[in-house]
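The values are calculated or read from the model by the stated rules, or taken from the named source; none is laboratory data. Since this is a predicted model, take the numbers as computed values, not measurements. Please note: Cβ atoms are built from the backbone with ideal geometry, for glycine as well, and neighbour counts cover all protein chains shown. For accessibility, only protein heavy atoms count, side chains too; no ligands or nucleic acids. Shrake-Rupley method; radii C 1.70, N 1.55, O 1.52, S 1.80 Å.
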Amino acid sequence: MVDNAQGATYKGKLITFEGGEGGGKSTQIKKLAQTLTNKGYDVVVTREPGGTDAAEALREVFIKHKGYDWDVVAQAYWVFTARRLHLVEKILPALHGGKVVLCDRFTDSSRVYQGIAGELGLDKLESIKENAIGSFEPDLTFVLDIDPVVGLERAGRREANENSFEAKAMAFHEKIRDGYRQICIRYPQRCIMIDANRTKGEIYKDIESECLKSLA
Ligand code: TYD
């Protein structure tokens, strides 16, 4: 079984970034990685689904093909298979090595996309999660909250659009936004909601200050 973040036995920190489409997670992660590296932290940047060769292969099937159309139980097992590989092979070794791991999406994405928007239900999701990764949770989670109209417009401007989820209806994206709000209420100790309807610079200022506070 993997470590329990509550009684963490490692020196590093796992910081995750969550939110709906077009919130600008990857831009913020890049900037934060640069700042932390300049300050002398050993930083690992990774993403989900994916992060290792095998988990990236699972991602390809999940995203480029019909992952979004699958039965939601199958989706949940698929993302937790990828997550287990990612955690055991990459995240935990980095945390034990004292690194700061910045991860684009993690378990909260499954809670929101499969558990809430996909209507699997949070109880079923938590039971799959418990079997796959035990009580492991990130140390800090930034939820980039964005109006779906703004987010989808931003996401549509991307050059390489591999994300089948973006084709889904606005109602689904509203559910996602609401789902993340529920997650922030459920896990107030580690989740910080960031207003992502602002400029990249304004968003970054908040993320950097909260992150440095947490690492101090
Ligand atoms: P990605 O291109 O990484 O989207 P984004 O740039 O918005 O992060 O695609 C990942 C998609 O996979 C995203 O729509 C959310 C979905 N997803 C799940 O449904 N469950 C999960 O557990 C994870 C990690 C992602």
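Could you please let me know if Ser127 is within 11 Å of the ligand (Cβ to nearest atom), of a type in the set (S, T, N, Q) and either in a helix (DSSP H, G or I) or over 15 Å from the mean Cα position of the chain (by Cα) (or both)? When the stated conditions are applied, Ser127 does not pass them. The residue list Ile133, Ile116 contains one member that is touching a residue at least 12 places away in the same chain (Cβ under 8 Å) and open to solvent by less than 10 Å² (accessible area, probe 1.4 Å), which is Ile133. Restricting the stretch 94-112 to residues that are over 16 Å from Gly50 (Cα atoms) and of a type outside the set (A, V, I, L, M, F, W, C), the residue that is nearest to the ligand (Cβ to nearest atom) is Arg111.
Would you tally the residues in the stretch 67-91 being more than 20 Å from Asp123 (Cα to Cα) and open to solvent by 60 Å² or more (accessible area, probe 1.4 Å)? Of the residues in the stretch 67-91, 5 are more than 20 Å from Asp123 (Cα to Cα) and open to solvent by 60 Å² or more (accessible area, probe 1.4 Å).
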